[in-house]
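I have placed the structure first, in the form of structure tokens, so that the comments after it can refer back to it.
Laboratory data are not the source of any read-out in this text; all were calculated from the coordinates shown. Computed from a prediction, not measured in an experiment: that's the story for all the values here. Cβ atoms come from the backbone with ideal geometry, glycine included; neighbour counts cover every protein chain shown.
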Amino acid sequence: MVPTRMASNPPFRRVLIANRGEIAVRIARGLRELGIESVAVHSDSDARCAHVMQADHAVPLHGNTAAETYLDVAKILAAAKRSGASAIHPGYGFLSENSTFARAVIDAGFVFIGPRPEAMDRLGGKKAAREEALAASVPVIPGTEQDHGDASMIEVARKIGMPVMLKASAGGGGRGMRLVERPQDLAEALVAARREAKASFGDDRMILERAVFPARHIEIQILGDKHGHVVSLHERECSVQRRHQKVLEEAPSAVVSEALRLKMGAAATALAQRVGYDNAGTVEFLLDEQGNFYFLEVNTRLQVEHPVTELVTGLDLVHLQVHVAAGGRLEQMLAGKDLRPRGHAIEARICAESPENGYLPASGLLRLVKEPEGPGIRVDSGVYTGAEVPPWYDSMLSKIIVWAPDRAMACARLSQALSSTAYLGVPTNVDFLRRVVDDAAFRGARLRTDMLRLRPELAAGPQQGPEALALAAAVLCQAVEPARVANGGGRNGGPGAAVVRSDSVWRELEGFRLFEARR
Amino acid sequence: MKISREYVCDGKPVAVSAEWIEADRWRVRVGDQTFEYHAQALGDGGVWLAPVGQEFDRSFVAYGAPAGKEYMVRVNGRTHTLASPSVRRGRGAPGADGTIRAPMSGTVLDVHCKTGDTVTADQTLVVLSAMKMEHKLTAGLEGVVQSVAARKGGTVDQGAVLVVVEPTKNHE
């Protein structure tokens with residue numbers, strides 16, 4: 001792995017993290033492990049966000065909306081200058097896939113911890129990436145990346161047949177994507193999709209592709225250095241999605257054989273090498289029931305779901321991103337490492353939303369946060385008890401990631417972890433995630449990208465009202481906690497007593513040693 | 001010490017109370033049922049619960065916290081959001097009374113109606129952008145638009161009245 005002296009001689013002294021929430025916390029931790037100071041930036045409403053507390057330094061970006069804070073290139077660069085940082089990590093979302101930002105970072109004299117802007121241009125947009133994939137002989141879905149206006153798009157849709165998928169040409173991830181099933185809905189869908197794309201990416205051009213169903217979402221994690229090397233760190237399966245936002249992600253995929261893994265890895269690295277890709281990236285594919293895979297898009301950044309790859313490969317992708325950005329060689333960093341996936345990892349995204357109520361997102365005060373713990377459980381969190389969830393940004397609060405020797409045990413572990421998790425004060429998807437993890441289709445790895453759409457009962461949840469136990473628990477939670485505080489910790493035997501038991505037994509056992517014999 | 005609450009269950013109000021007996025024992029009444037529970041605060045916000053006499057067979061760790069005017073409790077792997085009968089769910093659920101409210105704070109992207117318009121139940125009246133997503137707010141019932149408070153480009157708080165629709169009389 002990375003030589004240990006790297007920690008005492010870090011590649012950068014100080015790095016600014018142009019992001020918020022859990023990913024900014026995770027990057028700050030990774031930087032600290034490398035002996036690098038972190039600089040957080042934050043909007044007004046994020047002044048007490050977990051990522052600000054985790055970082056060594058913090059610079060306010062005045063304002064609240066994403067546009068006036070985390071998307072404001074001038075403000076981010078000014079913060080970097082003011083903080084004395086020499087490099088910028090963009091995280092995911094916000095400016096992470098914006099090559100204009102990457103260029104501005106480099107032109108201002110900072111290192112951009114991400115791929116070269118030229119590689120981002122060629123692979124980042126869905127349109128450009130589709131053209132590169134075609135040129136690299138990577139199979140693509142029937143459709144078009146040439147947007148000549150609504151009329152021509154509707155004509156293409158008529159030729160390839162419904163249903164079709166509309167995607168923002170400049171987009172990454174699920175933003176600006178929509179499924180259109182009926183031809184008569186296409187015109188309205190184009191208007192809405194273009195508006196979302198314009199708002200999110202400043203570009204309203206569209207790609208139209210046939211919607212492949214049933215399909216699984218399989219993506220390949222790639223990592224390149226500045227010396228022409230690109231490695232595949234294998235697949236993740238992210239088939240459990242709703243509205244193109246991933247819900248559960250795992251590695252490896254239950255249906256990807258070693259031969260298919262090599263084939264998809266080779267396609268992904270060929271595409272990356274073609275454009276001189278450096279740093280971390282993800283090449284996404286759809287896999288149909290016959291085992292054919294089709295190129296979807298490239299995410300030219302660290303992914304939300306990167307932890308599952310870390311858990312099965314034993315690598316730290318943030319550390320590797322930093323070293324690669326500083327000019328490190330993958331052949332040295334990965335020398336002698338067995339990169340084959342070991343065991344099974346699954347990630348659940350905890351979001352402030354109500355799947356039982358049409359996935360309505362929510363904001364507000366988190367009154368109680370209890371995150372799970374135990375062997376094989378990792379929590380990448382951006383919140384705490386008392387944290388405010390602002391209405392301005394993505395609704396993801398944290399990620400619960402489990403590792404186990406095999407998939408069945410990983411499912412059991414995730415179910416157990418979710419059952420001992422509580423985020424209270426705003427609605428969350430915790431109960432929904434557990435329903436999906438405990439569902440027979442998920443346990444049996446019978447996954448497809450439209451499974452949540454086809455099975456609305458998973459989102460709806462049980463229809464019966466609360467049992468007597470729940471009502472008893474509600475009233476007891478309210479009775480015990482204030483009583484405990486009112487009675488000075490409950491040592492006097494009043495209501496809520498016995499949080500701290502008497503220690504008198506230890507006083508009586510004079511000379512007792514727990515772990516050694518008394519001489 | 002005793003605390004009493006009333007929560008709506010399956011549309012009906014249910015009286016719930018907890019009365020301290022001694023040590024960690026409480027008498028709990030749920031409607032006309034009476035239970036005895038051990039209840040111990042765990043310090044992480046959780047409360048360990050066990051029905052007296054069944055400590056070794058049935059015990060739970062519950063987490064509870066207020067959520068706005070409601071109370072959220074998570075126990076036995078399920079989260080319940082309990083409302084008092086006095087708190088009517090004015091959450092803009094369409095179809096209730098013709099008042100279209102913002103389901104959450106956000107920006108009004110578009111207003112597709114004006115006062116006097118006749119609208120159908122599934123007609124989109126307002127498009128709201130919140131948490132980076134577009135939300136189409138539909139009329140929920142047939143009727144005539146009485147007033148439009150939403151303005152394109154304006155920001156609105158959760159629960160704000162956006163449009164009021166007078167239901168068509170012969171709708172039933």
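Computed quantities for the displayed model
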item: Between the range A:410-461 and the range A:74-144, the alpha-carbon center distance in angstrom; result: 33 Å
item: Charged-residue dipole, Cβ positions (Lys, Arg, Asp, Glu), chain A about Cα centre, Debye nearest 20; result: 740 debye
item: The range B:99-171 shape via C-alpha gyration tensor axes, a/c threshold 1.5; result: prolate
item: Fraction of antiparallel bridges per DSSP, the protein assembly as shown only, in percent to nearest 5; result: 90 percent
item: Global geometry of the range B:2-82, whether rounded, prolate or oblate, following the gyration tensor of its Cα atoms and the 1.5 cut on a/c; result: oblate
item: Förster-model FRET efficiency, 56 Å R0, A:H244 and B:E55, C-beta, rounded to 0.05; result: 0.70
item: Alpha-carbon Debye profile of the range A:193-279, log10 I(q)/I(0) at 0.20, 0.23, 0.24 Å⁻¹; result: -1.06, -1.09, -1.09
item: At 0.890 mPa s and 25 °C, Stokes diffusion of chain B via Kirkwood alpha-carbon radius, µm² per second; result: 127 µm²/s
item: Residue order, fewest to most surrounding Cβ atoms within 10 angstrom, among B:T118, B:T99; result: B:T118, B:T99
item: Burial ordering of A:F432, B:F56, A:F213, fewest other beta-carbon atoms within 10 Å first; result: B:F56, A:F213, A:F432
item: Within straight-line cross-link reach of A:K337, aspartates and glutamates at Cα separation under 15 Å, skipping those fewer than 8 residues along the same chain; result: A:E310, A:D316
item: For chain A, Kirkwood radius (reciprocal of mean inverse C-alpha pair distance, Å); result: 24.6 Å
item: Per-q log10 I(q)/I(0), the range A:215-460, q = 0.11 Å⁻¹ (Debye; single scatterer per alpha-carbon; no solvent); result: -0.59
item: Sorted by Cβ density within 10 Å, fewest first, the residues A:I88, A:I27, A:I36; result: A:I36, A:I27, A:I88
